[in-house]
Amino acid sequence: MNATGYAMRTDQLTVRYGSFTALSEVSVGLRAGAITGLIGPNGAGKTTLLNALSGFTDVHSGVVYLEEKDVTTLAAHRRARAGVIRGFQTVRLLERESVLDNVLLGAERLHQPSDCSQILGLPAHWKWRTVARSKAADVLELLGLSSDSHRSVDSLPFASRRLVEVARVLISAPPVVLLDEPAAGLDQRGRIELAGALVRVHEQTGLTMAVVEHDIDFVTRLCGSVIAMDSGSHVMTGTPQEVFSDARVQIAYFGRAANAHA
Amino acid sequence: MKSTNRKERWITVESSNPFGQLILGGLTSGLLYALLLLGFMVVFQVSKTVNFAFGQVGMVAAFSAWFFWSSLGLPLPVAIGIGAILAVVVNSAIGIIVITKIPAGRPGLDLVVTLGIFLFLTAVMQLLIDANAHAFPSLGGDKRTVLGGVVVNANDVAIMVLGVFVIGGVYVLFSRTTLGMELRASAENADIAASAGVNVRLLRLGTWTFAGLLAALVAVLVASRLSVDAFYMTPVLIKAFVAGMIGGMDRFFAPLVIAIGIGVYEALAIFIWGSSAGTPAVFLLIIIALAVMPKRFTAARHEVRA
Amino acid sequence: MTTQIRQLPATPSMMSPPPARWPHLSTVVIVGLIAAVPLVFFGDYWMFVAAKILAFGIAAMGLQILYGRAGLMSLAQGAFMGVGAYAGYLVAQSGLGPGIQLLAVIGAASLVALIVGLPTLRLSPLRLAIVTLAFGELFNWLLINSTEWTGGSQGAPVEPLIIFGFDTSYPLDAYLVALAFAVPLTLFALNLGQTHLGRRMMAIRDSEMAAVSVGVFIPKTKIIAFVLSAVFGGIGGWLYSATTGFIAPPDFDLFASVFLLAAVVIGGSRSVAGAWMGTAFIVLLPEGFNLIGQPNLYALAGGLLLATTALLLPDGFSGVFAHIKSLITRMRAQEDRA
């Protein structure tokens, strides 16, 4: 924990793709130990913000802080090792490998035996394997995937594939988790279950989480605070109730529909 | 007429401008690489398949043309015409029977399957004709004139004219005509193109035919400058293939320019370091060029539309 | 704070052997069959062929790691066999024994892999394939043009290896020596599937972004895969040279590399067993035509057979095994339900 209370924050962050400004001087923070929602219409810059936080895009100007350390130029894999693990909007899995192998990929961050002792199959490697597998079993059980653990992920329904990615993110119990629309494509029951599982993980580990999501119900259920964005700019931050009732957010989100309500 | 004699001829014969001479030689070989690559790229556009046997399709044309001409005594144009028809038939057969059957999502499988075809075509020609190298008619190589101190023969002129017209023609066809649009559409998604009324099968057949003709044309020209046997097209194919991969098979001018560049550079290297230096100089340059190439030219665009 | 480490729950799903075990069993069977070949035919010639399969198979296993596991296509595995063969040859020329030769083979293969790989592994897989092709061509040119060291295009006779009294100029001994290397190397290749390093390689093959997102440093993993595959190739080449007693540049040219790739693809690029089955297929195909008294037919039918097999079995021989296995599992599951 640091003085600002933010596990991660940005300061005047600008991201450009050619002449297009995807993020314009955004200063937002993820409160340590809290679940923060990221909302906004398509093209608002939510995913770009996630990419900038996780090191997946180049930053034009501004600073990204992790625990008040400047990580703006830290490469994506180093940021992951420092504890920022993300999921993707389009699920990215090892398609023809088992659920277990996909989840175990996330164990990269756990301290591993040297590559040499892995290649030679020394005892350290087998010990590590047991530990990693038991962690995988834990997280699979938490997300209700235990019975599928040896199935190939390309044979799974879409909703389960999303959960596999969430499991891959969570297995190393990272201090900062960034999820990009984890509930997209899930039915109502699946959403409630996923929200429940994320809340449970959060309670157990106290990790900091940011979730990009469109579903208002899901965000309200899960998030303590919400950052609203529109057209690459930060609109406001507040509790879900405050944000969803704000006129600016309603216009950005619902366009004229909000006026009809008003 | 052995291949080495020919090479020496276009470098040393009474030319008073050795540098211009070597540029001409490099330019014409480079154009031949580019023309073969063009056929390779057209096939790739339609099938997304790397056809390792494509050079051998040309070999079939040139080798059989030689056979009909020298052993059966047919007039040269007739022999070459029959060779070209054979190339079209063989290429269409490969396209219809083999390439369209290669399942997607298995990288490397196309290489293995077409390697099998490569070996088959080589074996067939060795069996039907023989395994030796033979001199091919020089096709205008002896009709020379001197331009600015550079000895230019009819063969060189033919290659340059053909190169410009074929490459330009394909470019216009692809970018400016409805036929080109239909071709691109059916390459992108055959089902959608078909439902939009495009006769995908006919277009594909046209593509195989065109590519087969191109392979035959290049192979006959290469044979007329070197000699013909069952393997002689492999170095040409490798250089065309390399240029395509470096330039990107989904682009048009970049890979073709690289192919021509490889030809010129190869001639330059032979001129400077001697005739055995061509191969290593080319491949060393390829490694170095790719190693120092800035990232934005080498990697596909990094989109995290997550 | 982290989740506490619990013991594996004893749920049936976690207790049942993972499907990944299956290919291992088939590998044992395949290696056993190859090992049994000379015992069945029991002639010097078949012993010689079996030794060749073992040497090529080791190189193919290396390519399987690089191509099948890490998704990086190499058209230089034949050249790396050459690096091993000529490194061993040069060291043997100065009168040094098999132990030093092996070290030189491993060292040379690793060094060359680092020189070729370090600056180029960031390239896309297809462009990397071109770099390896170019390296292979350069290497072959070097072999032909440094006659005083390598014997040039005429090739050079290789002194047999003599290890613990086994002399590789005798086919049986060559076979046993190659087997002594093939068995532990196969175990290493199989073990890689159980390691996190192996999983990292698969992540590079399937989704570099997923790999980066969990903290994988991709260049390091690629280098390890490249060096490992080169070392397997080098050892394979060294054993090949000891078996045949003669090396020449054409043994290690582009076609040698392409045939190794064909072996890996035909066998099924996703399994170690596949590399062995593919190698056996490629090496035994011409022998088969010899056996039926039609050696000339091989040139003609060999290519067609290669193309047809690849078309009919797009996932390779090991894909067939995996398919049968999944069918059996499905049938069992249906029986359970009934």
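The values are calculated or read from the model by the stated rules, or taken from the named source; none is laboratory data. Bear in mind that the values here come from a model prediction, so they are computed numbers and not experimental data. Glycine also receives a Cβ, built like all others from the backbone with ideal geometry; neighbour counts cover every protein chain displayed. Remember, those area values only see protein heavy atoms, side chains included, never the ligands or the DNA or RNA. Shrake-Rupley method; radii C 1.70, N 1.55, O 1.52, S 1.80 Å.
For residues that are assigned to a helix (DSSP H, G or I) and at the interface with chain C (Cβ under 7 Å from one of its Cβ atoms), scanning just the range B:86-110, find the one that is modelled with the highest pLDDT. If we take residues in the range B:86-110 being assigned to a helix (DSSP H, G or I) and at the interface with chain C (Cβ under 7 Å from one of its Cβ atoms), then B:98 is modelled with the highest pLDDT. Within the range A:68-90, the residues that satisfy the criterion of being open to solvent by 10 Å² or more (accessible area, probe 1.4 Å), within 11 Å of chain C (Cβ to nearest Cβ) and not in a helix (DSSP H, G or I) are A:75, A:82, A:90. The set of residues in the range C:234-250 that are more than 16 Å from the chain's Cα centre (by Cα), open to solvent by 10 Å² or more (accessible area, probe 1.4 Å) and not β-branched (Val, Ile, Thr) comprises C:245, C:246, C:248, C:250. Would a scan of the range A:167-190 turn up a residue that is open to solvent by less than 30 Å² (accessible area, probe 1.4 Å), of a type in the set (Val, Ile, Thr), within 14 Å of chain B (Cβ to nearest Cβ) and assigned to a helix (DSSP H, G or I)? Checked against the condition, which is being open to solvent by less than 30 Å² (accessible area, probe 1.4 Å), of a type in the set (Val, Ile, Thr), within 14 Å of chain B (Cβ to nearest Cβ) and assigned to a helix (DSSP H, G or I), the range A:167-190 yields at least one hit. Can you find a residue in the range C:128-139 that is in contact (Cβ under 8 Å) with a residue 40 or more places away in the chain, more than 22 Å from residue C:202 (Cβ to Cβ), open to solvent by 40 Å² or more (accessible area, probe 1.4 Å) and of a type outside the set (Ser, Thr, Tyr)? The answer is yes, given that some residue of the range C:128-139 is in contact (Cβ under 8 Å) with a residue 40 or more places away in the chain, more than 22 Å from residue C:202 (Cβ to Cβ), open to solvent by 40 Å² or more (accessible area, probe 1.4 Å) and of a type outside the set (Ser, Thr, Tyr). Here the condition is being among the hydrophobic types (A, V, I, L, M, F, W, C), within 14 Å of residue C:206 (Cβ to Cβ), open to solvent by less than 50 Å² (accessible area, probe 1.4 Å) and out of contact with any Asp or Glu (no Cβ under 8 Å at 6 or more places or on another chain); of A:100, A:110, A:93, A:105, it holds for A:105 alone. From C:176, C:228, C:190, grab the single residue that is open to solvent by 10 Å² or more (accessible area, probe 1.4 Å), away from every other protein chain (no Cβ under 12 Å) and either without any contact (Cβ under 8 Å) to a residue 12 or more places away in the chain or part of a helix (DSSP H, G or I) (or both). One residue alone meets the criteria, C:176. Under the condition of being over 23 Å from residue B:78 (Cα atoms), aliphatic (A, V, I, L, M) and either over 21 Å from the mean Cα position of the chain (by Cα) or assigned to a loop (DSSP other than H, G, I, E, B) (or both), the residues counted in the range B:128-174 number 6. Might you let me know whether the range C:84-102 holds any residue that is modelled with pLDDT of 90 or more, within 14 Å of chain B (Cβ to nearest Cβ) and open to solvent by less than 20 Å² (accessible area, probe 1.4 Å)? No. Number of residues in the range A:13-27 that are in a strand (DSSP E or B) and either among the small types (Gly, Ala, Ser) or within 17 Å of residue A:236 (Cβ to Cβ) (or both) equals 6.
Here is the figure for the range B:59-82: residues that are surrounded by 20 or more Cβ atoms within 10 Å (Cβ to Cβ) and more than 17 Å from residue B:127 (Cα to Cα) total 3.
I'd like the full set of residues that are in contact with a Gly (Cβ under 8 Å, 6 or more places away or on another chain) and either charged (D, E, K, R) or closer than 19 Å to residue B:220 by Cβ (or both), limited to the range B:123-155. Listed by number, the residues that qualify are B:153, B:154, B:155.
Any idea which residue in the range A:197-213 is surrounded by the most Cβ atoms within 10 Å (Cβ to Cβ), counting only those that are part of a helix (DSSP H, G or I) and within 12 Å of another protein chain (Cβ to nearest Cβ)? Only one residue tops the list, namely A:201.
How do the helices (runs of 4 or more DSSP H) wholly within the range C:1-80 filter down when requiring 1 or more residues that are charged (D, E, K, R), modelled with pLDDT of 80 or more and surrounded by fewer than 24 Cβ atoms within 10 Å (Cβ to Cβ): which remain? Because the criterion is at least 1 residues that are charged (D, E, K, R), modelled with pLDDT of 80 or more and surrounded by fewer than 24 Cβ atoms within 10 Å (Cβ to Cβ), the helices (runs of 4 or more DSSP H) in the range C:1-80 that meet it are C:44-63. Looking only at the range B:222-251, residues that are assigned to a loop (DSSP other than H, G, I, E, B), at pLDDT 85 or above, within 13 Å of chain C (Cβ to nearest Cβ) and more than 16 Å from residue B:60 (Cβ to Cβ) come to 0 in all.
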